[in-house]
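Only one structure is covered here, and it is reproduced in the block below.
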């Protein structure tokens, strides 16, 4: 099973980055925690923004380093995925892949 930690760092500056924060049991990120942890800049919501919003500040997901953002998204997906269903799907894919190889004479 994949872990949700960021991939191996490529540079020494990346190795000093803190790990991706854990999500709550409800699956929601602690956005205030992420803003503090990653020292993200914030701005007030635009007056023209008509989306539902219950805060006093906004920040951009793109402000997170790509590997950290990917780890957070991966963790959220895996928290909602049924491991048994995933394993059955992988097994079925392998059976189907082998059948295709045999039909192509590469089995």
>> Among the residues in the range 46-60, are any modelled with pLDDT under 85, surrounded by 11 or more Cβ atoms within 10 Å (Cβ to Cβ), in contact with a strand residue (DSSP E or B) (Cβ under 8 Å, 6 or more places away or on another chain) and outside any loop (DSSP other than H, G, I, E, B)?
In response: yes
>> Residue under question is residue 75, and the condition is that it be under 21 Å from the mean Cα position of the chain (by Cα), at pLDDT below 85 and part of a helix (DSSP H, G or I); does it hold?
In response: no
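The values are calculated or read from the model by the stated rules, or taken from the named source; none is laboratory data. These numbers were taken from a predicted model, which means no experiment stands behind them. Note that we place each Cβ from the backbone using ideal geometry, even for glycine, and neighbour counts take in every protein chain shown.
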